[in-house]
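What follows is a short report on a single structure.
A short reminder: the numbers here are calculations on the coordinates, not readings from a lab. It should be emphasised that the depicted structure is a prediction, and the values quoted were computed from it without experimental measurement. Note that we place each Cβ from the backbone using ideal geometry, even for glycine, and neighbour counts take in every protein chain shown.
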Amino acid sequence: MLGFDLREPPSVESVLVDFHTHTLASDGALAPAALLDRAAGRGVARFAITDHDTIAGFLSVRGHSPQGLELVPGVELSCTWGKTTIHVVGLGFDPDAPSLGAALASLDAARCARAERIAARLEARGYPGALAGARALAGTSQIGRPHFAEWLVSAGHFPDTRTVFRRLLGQGKVGDVKQYWPTLAETAATLRDAGGLAILAHPLHYRLTRMKLRALCADFRAAGGQALELVNGRQQQGDTDILRRLAAEFGFAVSLGSDFHRDGPHSADLGVDSGCVGDLEPVWARLA
Ligand code: AMP
Ligand code: MN
Ligand code: MN
Ligand code: MN
């Protein structure tokens, strides 16, 4: 079919970037250095490790980026908005800011307490030994539901982690314990106080109605949130279009990330084409 594209060429230079990835320090499979090597090997120019509620992975490779790859401080913070758990990606903060350190220490304690609560609920459902099992799998990593899922699979209770999340750990299920996180506003303030940018991660993953999603965006903006994630991993074009309109409506800049945890049939590899932001503002333009 013949066709003419009369749109303006994209205003953002086309390079690979990735501002949402996980390592062994939370629920990813790769060590931070191996993740950086992989990103560099794929030609990613700007990159962030955004582990859940910890910057230990980032700190372990800070200053050791492979040539051609710029590593930006990053984190993915858990918080609550009403009854919904929301993830906020933080970028470009001062990793040594005492306020951030205090917030991360309290998230670490919250994750440990929550793990005990999850385990108690699983025991009551007939899965004893969950705490020891998940702790052993987590090791020194930030413990989370994926470690419980992995243990339940390795103990032979379920065929795969997707099934565990669908039956026991996913949103609204018995193992979805959420009252441990700070609020969205507190989280945005933590990042602002540390000189960082606050980005609403994967806005379409929370399964909110359109009205609630817009209320979330309004609250996030009021709290000082600056951007939303336009691309998170493998994503339908229709979802990108919805997010593009949402960003424009709320005046948000946009971020891009693979949300890479490990290789798998549903996972995206590292690196997102920066050109896809089109005429929206790339949030990384605000990084020093
Ligand atoms: P947590 O940080 O403990 O609340 O666990 C959330 C993490 O679990 C997410 O970051 C994902 O990596 C993983 N996760 C969430 N939902 C699913 C799912 N349906 N299947 C597999 N993993 C999931
Ligand atoms: Mn995760
Ligand atoms: Mn997330
Ligand atoms: Mn993530």
Exercise. What residues qualify as long-range amide H neighbours of T54, i.e. H under 5 Å apart, gap of 5 or more or another chain, H built at 1.01 Å from N?
Worked result: E76
For this session: Determine ³J(HN,Hα), in whole Hz, for all residues of region 210-221 in sequence, where each value follows from phi through the Karplus function 6.51 cos²θ - 1.76 cosθ + 1.60 and θ = phi - 60°; x replaces Gly and Pro.
Result: 4, 5, 5, 5, 5, 5, 4, 4, 5, 5, 5, 5
Seminar exercise, completed: If amide H atoms are modeled at 1.01 Å from N in the peptide plane, then the residues at a separation of 5 or more from V72, or on another chain, having amide H under 5 Å from its own are F47, A48, I49
Seminar exercise, completed: Taking a ≥ b ≥ c as the square roots of the Cα gyration tensor eigenvalues, with a/c under 1.5 meaning rounded and otherwise prolate when a/b beats b/c or oblate if not, region 168-288 comes out rounded
For this session: Specify whether the C-alpha gyration tensor of region 234-288 places it in the rounded, prolate or oblate class, a ≥ b ≥ c being the square roots of the eigenvalues: rounded for a/c under 1.5, otherwise prolate if a/b is larger than b/c and oblate if not.
Result: oblate
For this session: Apply 1/(1 + (r/R0)^6) to the Cβ-Cβ distance of K212 and D37, taking R0 = 30 Å, and write down the FRET efficiency to the nearest 0.05.
Result: 0.15
Exercise. If each of E13 and R125 carries a label point 7 Å out from its Cα toward its Cβ, how far apart are those two points in nm?
Worked result: 4.9
Problem set entry | Neighbour-count order for H87, H20, H64, fewest beta carbons within 10 angstrom listed first | H64, H87, H20
For this session: Kindly put D239, D263 in sequence by how many other C-beta atoms sit within 10 Å of each C-beta, fewest to most.
Result: D263, D239
Problem set entry | Anisotropy class of region 84-243 from Cα gyration tensor, a/c 1.5 cut | oblate
Seminar exercise, completed: Extension length gain for D279 and S99 (0.36 nm per residue less Cα distance), in nm, is 61.3 nm
Exercise. Exactly which trypsin sites (Lys or Arg not before Pro) in region 43-114 are in a DSSP loop and have at most 11 other Cβ atoms within 10 Å?
Worked result: K83
Exercise. Hey, any idea what the orientation-averaged projected area of the convex hull of region 140-182's Cα atoms comes to, in nm²?
Worked result: 3.6
